[in-house]
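Below is one structure, written out as structure tokens; the observations come after it.
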Amino acid sequence: MKVNKAVFPAAGLGTRLLPITKSIPKEMLILVDKPLIQYGVEECIESEIQDIIIITGRGKTAIEDYFDRSIEHEILLKEKGKHDLLQSVKDIANMINFSYTRQKEALGLGHAILCAQNLIGDEPFSVVLSDDIIDAKVPVMKQMIDIYKQYRYSVLAVQKVKDEDISKYGIIKGTEIEKGVYKIEDLVEKPEKEEAPSNLAIIGRYILTPRIFDFLKETKPGKGGEIQLTDAIKSLLSVQPVYALEFEGIRYDGGNKLELLEAQVAFGLKNKDLKDGLLEFIKNII
Ligand code: UTP
């Protein structure tokens, strides 16, 4: 069955980016000229996803407003004859089909995904954590769908991380079955470096079979008192194979201040209108 739907959990509290996240959803922070979440949405469109389901929570209405029409702006831009800008404002609302559901309490990523069960139904789906910004020639979701088509079971995006960062991630234990593709044997959520089975960390892109919902329902709060997706995937492993793909691309953690800044520079230098000015600015200040 084709992967048609993508879930965007966006109900987290964004504590690492406080105080801005008191009133602005992390997903709406700007990366060069677009909110973070739009990069994830564009990645899905390029990967032939048809429907996007965004899990929101209190204080997150800016996300829905952004992907909706903005009649006041449209009237104003029409009156002023700013047709290009008018078109770009309209295009955002027509990018793809959006649905929304709320996670009433931030009980963890696993719980957020469970909130989308009725909207997903009995089909494989993808998950995008839009604060994981990935710069890739081939969209990461497309790379993952290609692997899904081959193996027909869940696929997790993984990346090698430095020893000192291992304890921040879900880490896989697996056997490489083809270049960059691992058959997972076990998963550990945020292990100490000494206990980690590898340095392959799970990054915010997943393709999951609907069977995951059976396990999400049963998963008890784990590390940090949250219902962890990693714990449910670990249980899924007892009934189905799960694969991991070491994707091609550079990933920035948008929930981390330094990496968000690095992404601004990297993406700014890729933007043809901004590149020269940004380069000159960097040369001048260093
Ligand atoms: P993170 O842990 O990176 O995000 O969760 P957070 O909780 O918002 O940020 P910090 O760690 O407190 O700074 C990964 C993803 O899961 C979503 C987040 O919105 C983010 O996209 N999430 C997390 C939920 O939707 N609900 C939750 O209860 C927890």
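Quick one: dipole size for the chain, taken about the Cα centre, charges +1 on Lys/Arg Cβ and -1 on Asp/Glu Cβ, in debye to the nearest 20.
Computed about the Cα centre, the dipole is about 260 debye.
Among the trypsin sites (Lys or Arg not before Pro) within the range 118-218, which fall in a DSSP loop and have no more than 12 other Cβ atoms within 10 Å of their own Cβ? Intermediate values should be presented prior to the final figure.
On the way: sites: 137, 142, 149, 152, 160, 162, 168, 173, 179, 183, 193, 205, 211, 217; in loops: 137, 152, 162, 179, 211.
Answer in residue order: 137, 162, 179.
Quote the Stokes-Einstein diffusion coefficient, in whole µm² s⁻¹, for the range 100-176, based on the Kirkwood radius over alpha carbon pairs, a temperature of 4 °C and a viscosity of 1.567 mPa s.
Roughly 85 µm²/s, to the nearest whole number.
Let me know the number of lysine pairs in the range 179-286 closer than 17 Å at the Cα, not counting same-chain pairs under 8 apart.
So the count works out to 10.
Three principal axis extents, largest first, for the C-alpha atoms of the chain, in Å?
Principal-axis extents of the Cα atoms in the chain, largest first: 61, 48, 38 Å.
Along the charge dipole of the chain, pointing to its positive end and built from +1/-1 on Cβ of Lys, Arg, Asp and Glu, which listed residue (268, 57, 145) has its Cα farthest out?
57
Angle between the Cα long axis of helix 83-93 and the longest principal axis of the chain, 0 to 90 degrees, nearest 10?
30 degrees
Report the GluC sites (Glu not before Pro) located in the range 1-82 that are in a DSSP loop and have at most 14 other Cβ atoms inside 10 Å of their Cβ, or state none.
48
What is the helix-to-structure angle for 36-46, meaning the angle in degrees between its Cα long axis and the longest Cα principal axis of the chain, kept from 0 to 90 and rounded to the nearest 10?
The helix 36-46 is inclined about 80 degrees to the chain.
Got a sec? How would 83, 111, 73 order by Cβ neighbour count within 10 Å, fewest to most? Working shown, then result.
Details: 83 10, 111 23, 73 14.
Going from sparsest to densest Cβ surroundings: 83, 73, 111.
Once the range 1-109 is represented by equal point scatterers at the alpha-carbon sites, with solvent omitted, what log10 I(q)/I(0) does the Debye formula produce at q = 0.11, 0.19 Å⁻¹?
Debye curve over Cα of the range 1-109, log10 I(q)/I(0) at q = 0.11, 0.19 Å⁻¹: -0.40, -1.05.
So how do 181, 265 line up by other beta-carbon neighbours within 10 Å, fewest first?
265, 181
Could you work out the mean projected area of the convex hull around the alpha carbons of the range 24-82, in square nanometres to one decimal?
Over all viewing directions, the range 24-82 projects a mean Cα-hull area of 5.4 nm².
Which GluC sites (Glu not before Pro) from the range 172-225 combine a DSSP loop assignment with at most 13 other Cβ atoms within 10 Å?
192
Using only Cα atoms, locate the centre of the range 52-130 and the centre of the range 139-207, then give the distance between them in Å, rounded to an integer.
28 Å
Report the far tail of the P(r) of the range 1-53, meaning the percent of Cα-Cα pairs longer than 12 Å.
More than 12 Å apart: 68 percent of the Cα pairs in the range 1-53.
Considering only lysines 8 or more places apart in sequence, or on different chains, count the pairs in the range 1-127 whose C-alpha atoms sit under 13 Å apart.
Eligible lysine pairs with Cα atoms under 13 Å apart amount to 6.
Let me know the whole percent of all Cα-Cα pairs from the range 161-286 that are separated by more than 21 Å.
53 percent
Would you be so kind as to identify which of 71, 116, 237 lies farthest towards the positive end of the dipole of the chain, taking Lys and Arg as +1 and Asp and Glu as -1 on Cβ and the Cα centre as origin?
Of the listed residues, the answer is 71.
Readers should treat all values here as calculations from the given coordinates under stated rules, not as data from a laboratory. Please read all numbers here as calculations on a predicted model, not as lab measurements. Reconstructed Cβ throughout: ideal geometry from the backbone, glycine too, with neighbour counts over all protein chains shown.
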